[in-house]
Each structure stands twice: as C-alpha cells, then as structure tokens.
1. Can you give the calculated 222 nm mean residue ellipticity of the chain, where each DSSP H run of n ≥ 4 adds -39,500 (n - 2.57) and the sum is split over every residue, rounded to the nearest 500 deg cm²/dmol?
2. Compute a Gaussian network model of the chain, connecting alpha carbons closer than 10 Å, and tell me which residue from Ala123, Ala14, Ala52 fluctuates the most.
3. Mind listing the long-range amide H neighbours of Leu84? Cut-off is under 5 Å, sequence gap 5 or more, other chains count too, H placed in the peptide plane at 1.01 Å from N.
4. Given labels modelled 7 Å from the Cα in the Cβ direction, how far is it in nm from Gln67 to Thr140?
5. Suppose R0 equals 35 Å. What FRET efficiency, 1/(1 + (r/R0)^6) with r the Cβ-Cβ distance, do Ser16 and Gln41 give to the nearest 0.05?
6. Determine, for each peptide in 136-144, 21-29, the mean count of other beta carbons within 10 angstrom over its residues, then list the peptides with the highest first.
7. Between the DSSP loop rule and a limit of at most 14 other Cβ atoms within 10 Å, which GluC sites (Glu not before Pro) in segment 44-150 are left?
8. Go through [x] 0.97; [y] 0.94; [z] 1.59 and flag the label whose value is the computed Rg/Rh (Cα atoms, Kirkwood Rh) for this structure.
Amino acid sequence: MKLSFFKTRKTRKAQSATEYLMTYGWAILAIAIVGALLYTQVFSTKKCAEGANGFPMAGGVSVSGNQFTVNSAGDIQVKLRNNLDDAITITALNSQTTVTGTPAIAANSEEVVAGATAITAGASGTCYSAETLTITYTVTDGITGMTSSGTISGRYA
C-alpha cells in the first residue's frame with residue numbers, strides 16, 4: 001500500500017510540472033509570434049516617403065522645410081525660399097503659368113505659392129514618388145527664365 005501512495009504522489013507532481021511548462025510554453029510562443037509580426041511590420045500601414053530633394057540650398061529657389069501639399073487633381077501649394085540677394089517673381093511651376101498666392105518673393109525670404117495641375121494627378125491618399133518640380137522665376141534685375149528643379153514625394157491630399 002505504501003508503494004502505490006508514493007507512485008500516485010510522484011505522478012501528480014510530474015503532471016503538475018508538465019502543465020506548468022506547457023502553460024508558460026504557450027505564453028512564450030504567443031509572445032514570440034506577436035513580436036515577429038511586429039518586427040516584420042505586418043500590422044503597419046504603408047508609409048509614403050515625404051520630402052523635397054535636389055533643390056539648391058544656396059543661390060536659387062528651394063522648397064522651404066519640405067512644406068508642400070499636392071491634392072488629387074495635381075494642384076500644388078508650396079512654401080518657397082528665395083536664397084538669392086535679389087527679389088524674384090515666380091512665373092511657372094512645371095511649365096504651368098497659373099501661379100497664385102504670392103509669386104513675388106523678397107530677397108532671402110519665404111512665401112507660399114500655388115500652381116494648378118503642376119503635378120500628375122492621383123487618387124486622394126495614395127503615394128506619389130519622385131515627381132519633378134521645376135520652378136521658373138524672374139529676378140528683379142531683369143534676368144528671365146531662371147529655373148530651379150528637384151523632386152518631391154508624398155501623399156495626395
């Protein structure tokens with residue numbers, strides 16, 4: 001009778017230890033799976049690369065602080081910085097001469113300028129990448145047809 005008592009007690013301990021290990025094993029496995037999914041960015045939404053590249057930082061016109069928006073029709077609103085020591089007048093954005101806002105920009109200052117259908121149109125909320133933006137301007141001392149160009153990337157508003 002003593003022998004069966006010890007055997008039953010030993011079996012209960014083994015079963016308890018097995019259940020303990022299985023419970024923690026499943027918990028660790030679940031954490032590992034969730035961690036792997038987060039690491040591979042399965043749950044993240046696609047992000048657009050946003051910014052302006054290629055514009056001259058000195059001696060020309062540049063996009064100030066990556067501040068621009070493009071709507072689904074391709075209309076652009078952009079904050080431009082005049083890096084020259086003379087005032088300029090923006091005459092076109094990507095050959096579109098419909099420039100609104102404040103096309104005259106004083107020397108070494110910034111203004112917001114808008115252009116209709118200057119960028120390729122796209123669905124609202126989708127990404128656009130490496131769209132060329134060419135800014136044509138006239139310097140107040142009479143030099144016409146000056147250009148400054150670069151690329152912009154972002155999400156249609």
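Where a number appears in this text, it was derived from the coordinates with a stated rule and is not lab data. All figures in this text were calculated on a predicted structure; none of them were measured in a lab. So basically every Cβ, Gly included, is an ideal-geometry build from the backbone, and we count neighbours across all protein chains shown.
1. Helix contribution divided over all residues of the chain: -9000 deg cm²/dmol.
2. Comparing Ala123, Ala14, Ala52 in the GNM, the peak value goes to Ala14.
3. HN-HN under 5 Å from Leu84: Gly60, Asn108.
4. Between Gln67 and Thr140, the simple spin-label model gives 2.1 nm.
5. Result of the calculation: an efficiency of 0.30.
6. Highest mean packing first, the order is 136-144, 21-29.
7. For GluC sites (Glu not before Pro) across segment 44-150 that sit outside H, G, I, E and B with at most 14 neighbouring Cβ atoms in 10 Å, the list reads Glu50.
8. Given [x] 0.97; [y] 0.94; [z] 1.59, the structure-derived one carries the label [z].
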